[in-house]
Amino acid sequence: MIKRVVLLVCLSVFGFNASAQTTPFKKVETQAYKLDVPTSWETRVIGDVGVSFLALAPLTSDTDPFRENLTIVVQDVAGTTNTMKSIMEESKHDIINQLDRGNVFDEGSGTSKQGKYQRMAYSTFQNGIALRYESRFFQVGTKVYILLFSSEKALYPEYERRVTQMMDSFVINP
């Protein structure tokens, strides 16, 4: 009986999501960076500048209208006045002024394996679907790396641990 109570307390305090706890990851490496991605996700390495990488989660059902995804965008700011900060401010302006019900609801900074980053979380509607976005911005030399996770707003809690693990594993190759 005591073991059962302890187990119930542990589950209620720490939560239980078997799929998130047992998700196997694979290492994806490009010439520019590497990161860990769930093995069940489809990955596409696209190029060096612009959208350079896309990881797509499997659909959750036949009626699932949106495929959660992680995108990596690389912007080379050499020869411009752009910086990571100016790119973030321009993105924030566009989210608020150009997207359907665009709302930046969290901003800040953090540290991962790659080092310090700036982050921004926002929500919007697209084709009648409430979406949530989580982004991280890194700058190394003249390149700004933007990691952007997109999900249905209601499903974000199911993906949060895996997304954090993916983003935390991101490292730019020397």
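The table for this structure:
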| quantity | calculated |
| --- | --- |
| Inter-centroid distance (Cα atoms) of the stretch 85-101 relative to the stretch 129-143, Å | 12 |
| Quotient of C-alpha Rg and 2.2 N^0.38 Å, computed over the chain | 1.14 |
| The chain, accessible surface, carbon-and-sulfur percent (1.4 angstrom probe) | 53 |
| Nonlocal Lys pairs with alpha-carbon distance under 28 Å, the chain (8 or more apart, or different chains) | 27 |
| Ordering of 77-88, 159-170, 122-133 by burial proxy (mean other Cβ atoms within 10 Å per residue, highest first) | 159-170, 122-133, 77-88 |
| The stretch 96-150 - accessible surface per residue (Å², probe 1.4 Å) | 51 |
| Sequence-distant residues sharing a close amide H with I46 (under 5 Å, placed H) | F53, L54 |
| Cα-based equivalent ellipsoid, the stretch 92-161: semi-axes from gyration tensor eigenvalues, Å | 23, 15, 9 |
| Qualifying GluC sites (Glu not before Pro) for the stretch 54-121 [loop in DSSP, other Cβ within 10 Å: at most 15] | none |
| D76/V171 FRET efficiency (R0 30 Å; Cβ-Cβ; nearest 0.05) | 0.95 |
| Estimated vicinal HN-Hα couplings, Hz - the stretch 88-99 in sequence order (Karplus 6.51, -1.76, 1.60; Gly, Pro = x) | 5, 5, 5, 4, 4, 4, 5, 4, 5, 9, 10, 9 |
| Two-site FRET efficiency, F105 against T63, from Cβ-Cβ distance with R₀ of 25 Å, rounded to 0.05 | 0.35 |
| Convex hull of Cα atoms in the stretch 24-86, direction-averaged projection (nm²) | 5.8 |
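The values are calculated or read from the model by the stated rules, or taken from the named source; none is laboratory data. The structure displayed is predicted, hence computed values, not measured ones. As a convention, Cβ positions derive from the backbone with ideal geometry for all residues, glycine included, and neighbour counts pool all protein chains shown. Accessible surface areas use protein heavy atoms only, side chains included; no ligands, DNA or RNA. Shrake-Rupley method; radii C 1.70, N 1.55, O 1.52, S 1.80 Å.
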